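Below: one structure, written as structure tokens.
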Amino acid sequence: MMNKENKISADLQRFIEKFEPNKYKTLARGIEIRGINDIHRSITLAENLIEKMKLKLTINHNAEMVSYGGFEVNNLA
């Protein structure tokens, strides 16, 4: 089995540098940020940062992710 390295877009890299997540997992479309205590505040901060920096990213969050304090930041298609 080959290791496929997921490439991080320039917009996603800029987001990571500014948001400074403690833990994140690289996904095919973006990243999953984990271990957030105040999930609603963090999602709001992430959305504001994306809007302010005019990044081509989107936030994805569902009820399952609440259990581990996570949300996804994905590249727009």
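Residue by residue through the stretch 24-44, note down the ones that are loosely packed, with under 14 Cβ neighbours inside 10 Å and assigned to a helix (DSSP H, G or I). Matches in the stretch 24-44: 40, 41, 44. Is there a residue in the stretch 11-23 that is more than 9 Å from the chain's Cα centre (by Cα), surrounded by 14 or more Cβ atoms within 10 Å (Cβ to Cβ), in a helix (DSSP H, G or I) and in contact (Cβ under 8 Å) with a residue 60 or more places away in the chain? Taking every residue of the stretch 11-23 in turn, at least one turns out to be more than 9 Å from the chain's Cα centre (by Cα), surrounded by 14 or more Cβ atoms within 10 Å (Cβ to Cβ), in a helix (DSSP H, G or I) and in contact (Cβ under 8 Å) with a residue 60 or more places away in the chain. Filtering the stretch 33-77 to residues that are in contact (Cβ under 8 Å) with a residue 24 or more places away in the chain and of a type in the set (Lys, Arg) leaves 34, 56.
When residue 39 is tested against (1) of a type outside the set (Gly, Ala, Ser); (2) touching a Gly at 6+ places or on another chain (Cβ under 7 Å); (3) at pLDDT 95 or above; (4) more than 13 Å from residue 12 (Cβ to Cβ), just one condition goes unmet, and that condition is (3). In the stretch 18-37, what residues are within 15 Å of residue 59 (Cβ to Cβ) and of a type outside the set (A, V, I, L, M)? Matches in the stretch 18-37: 18, 19, 21, 24, 29, 30, 32, 34.
Within the span defined as the stretch 59-69, one or more residues are modelled with pLDDT of 95 or more, among the hydrophobic types (A, V, I, L, M, F, W, C), surrounded by fewer than 17 Cβ atoms within 10 Å (Cβ to Cβ) and in contact with a helix residue (DSSP H, G or I) (Cβ under 7 Å, 6 or more places away or on another chain). Is it the case that residue 55 is modelled with pLDDT of 95 or more and in a loop (DSSP other than H, G, I, E, B)? Taking the combined requirement at face value, the residue satisfies it.
Of the set (1) more than 12 Å from the chain's Cα centre (by Cα); (2) in a loop (DSSP other than H, G, I, E, B), all apply to residue 64 but (2).
The values are calculated or read from the model by the stated rules, or taken from the named source; none is laboratory data. Owing to the predicted nature of the structure, the values given are computational and were not obtained by experimental measurement. Note that we place each Cβ from the backbone using ideal geometry, even for glycine, and neighbour counts take in every protein chain shown.
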